Amino acid sequence: MMKNLNRTILTSLLFMLSMTPAFAQDGMEEYFYESGKIKVVVVVAFVVMVGLIIYALSLGRRLKKLEEKKS
Amino acid sequence: MNLWLKIICIACLIYTAVFSFWHPMAPGGLEVSAKSFHPGRNEFSFTGYGSHFLQEKQSMQVFVTVDSSAVYCADILSVTDEAHAIVSVFLPDTLSSNQFGFLANNNIDGTLLVEAPVGSEGFTFIEGTKNDSCHYEVKQEEHMGFGYPFQPIIIESIRNLMWHVPMWFTMFALMIISFIFSLRTLSNKSGTPDLNFDRKAAASAGTGLVFCILGLITGSIWARFTWGAWWTNDPQLNGAMVVFMVYVAYFILRNSTPDHDKRSRISAIFNIFAFALMVVLLMVMPRFAEGLHPGKSGNPAFSKYDLDSSLRTVFYPAVLGFVLLGYWFYKINEKIRILEDQQEENHHDEKS
């Protein structure tokens, strides 16, 4: 389960990285500047949520390691 | 952690997530299409944001101010939609200076202001030139309920205040907890460092570091679309980066010292210095250096005037929610550390 999850996170990260050249520089600015830069807020809120979820998952992984060692 | 604190934390975070996006923006002036003015008729379009030009076509007025002393009335040629009005202004040969400003009045939006650099050619400048044929008055926005203030370049991204700034408040709160427990580690009466307090200090600093990383990333994204670069030479930014690296060094130091007593003593001392450095770099230094962050220069006693009351109604619950969330994470982190230390001890006992 955990391994699958890690793989999903990794693939989605790689996917996002591969997307970046698609709106390099000018395209990216146009994309984020429209409708009063509201998309910047969406991205920032998304980053905060994803960051906290990743931290929670890493705490869960530490607990799982403890459980495995015990048995 | 108390159940009520958890409920308050979740309620505050849901409130933040909803209302940081829900509340509307107050209308504002976005830009004017004019590049350069010459004596005679000049045609340009005035663009507003969240404005009601079409709805209030009857009461629309546009003015060009010169040097904030003389005002020239512009004729409305056409209003294409709620945000665009095409106007034309007649400028005489003699002006006070080439500092142009633009105002749009209507009954709903009040006075919208645009300050854009517009060139000029063919004028003679005589200081103090006035224009008596045009008068304007500053209008208040019709009361439309609740709205975030309009800021020229920031516009909607003012909502980031509810996401980016609480990260730093949370980090600060956690580092204060860490600092206090580092002091208590060293001030144990029996002379040996208290490993219980050391564990609390490490857990709290670890969670604080996560919020520091999130603050750096969100700040970098916001800077890219406001100041134009992922990283700028703002004293606050560089200070935050140094603080981040110092706390990373704290954990490297901890992990490289296997002996528990020694580790707790060295890392507690390091942490006390790290905290002092953080206060200096994030709270003191930005007040003495020129920076891009608002509300940082000058006397902190006056900075309460910087934050609009509509922003406060979401900002304070956001800070409370994230600080409680940070405390919650710290408590979980501490419990995991207790278990890890216990297991390590058991492991040692089995070996010996």
Ordered by fewest other Cβ atoms within 10 Å, a rough proxy for footprinting exposure, B:Cys12, B:Cys73, B:Cys212 read B:Cys73, B:Cys12, B:Cys212
Per DSSP, the loop-located chymotrypsin sites (Phe, Trp or Tyr not before Pro) within the range B:146-198 having at most 10 other beta carbons within 10 Å are none
Rank by packing, highest mean first: peptides B:251-262, B:267-278, with packing defined as the count of other Cβ atoms within 10 Å averaged across residues. B:267-278, B:251-262
Flagged links, alpha-carbon separation over 18 Å, of A:Lys37/B:Lys57; A:Lys65/B:Lys6; B:Lys200/B:Lys331; B:Lys200/B:Lys262; B:Lys200/B:Lys351; B:Lys189/B:Lys335: A:Lys37/B:Lys57; A:Lys65/B:Lys6; B:Lys200/B:Lys351; B:Lys189/B:Lys335
The residues B:His38, B:His23, sorted from fewest to most surrounding Cβ atoms within 10 Å, come out as B:His38, B:His23
Based on the alpha-carbon gyration tensor of the protein assembly as shown, what equivalent-ellipsoid semi-axes (square roots of 5 times the eigenvalues) come out, in whole Å, largest first? 55, 23, 19
Short version: ³J(HN,Hα) in whole Hz for each residue of the range B:96-112, in order, from phi by Karplus 6.51 cos²θ - 1.76 cosθ + 1.60 (θ = phi - 60°), x for Gly and Pro, what are they? 6, 6, 9, 8, 8, x, 10, 10, 10, 10, 7, 5, 8, 7, x, 9, 9
Name the residue, out of B:Leu320, B:Leu91, B:Leu311, whose mean-square fluctuation peaks in a Gaussian network model built on chain B with Cα pairs under 10 Å. B:Leu91
Take every DSSP beta bridge with both residues inside the protein assembly as shown and express the antiparallel ones as a percent of the total, to the nearest 5. 85 percent
Of the GluC sites (Glu not before Pro) in the range B:107-200, which ones lie in a loop per DSSP and count no more than 11 other C-beta atoms within 10 Å? B:Glu121, B:Glu127, B:Glu137
Scanning chain B, every Cys lacking a C-beta partner under 4.7 angstrom -> B:Cys9, B:Cys12, B:Cys212
Farthest toward the dipole's positive end in the range B:155-351, which of B:Ile180, B:Leu161, B:Tyr330, given Cβ charges of +1 (Lys, Arg) and -1 (Asp, Glu) about the Cα centre? B:Leu161
Chain B, helix-only ellipticity at 222 nm - DSSP H runs n ≥ 4, -39,500 (n - 2.57), divided by all residues, nearest 500: -16500 deg cm²/dmol
I need to check one value: relative contact order of chain B, counting alpha carbon pairs closer than 8 Å and at least 6 residues apart, in percent. 18 percent
Indicate the helices, whole DSSP H runs only, in chain B that combine a mean Kyte-Doolittle hydropathy of 1.6 or more with a Cα extent along their long axis of 18 angstrom or more. B:3-22
Express the Stokes-Einstein translational diffusion coefficient of the range B:155-351 in µm² s⁻¹, to the nearest whole number, given a Kirkwood radius over alpha-carbon pairs, 4 °C and a viscosity of 1.567 mPa s. 71 µm²/s
Ignore the peptide's own chain and count Cβ atoms of other chains within 10 Å of each Cβ in B:161-173; give me the average, rounded. 2
If you count, for every residue in B:200-212, the Cβ atoms of partner chains within 10 Å of its Cβ, what is the mean? 1
Considering amide H positions built from the backbone, and no H for Pro or chain starts, which residues 5 or more places from B:Ala116, or on another chain, come under 5 Å of its amide H? B:Phe102
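Values quoted throughout were computed directly from the atomic coordinates according to the rules given, and no laboratory measurement underlies them. Quick caveat, the model's predicted, so the values are computed rather than measured. All Cβ positions, glycine included, derive from the backbone under ideal geometry; neighbour counts span all protein chains shown.
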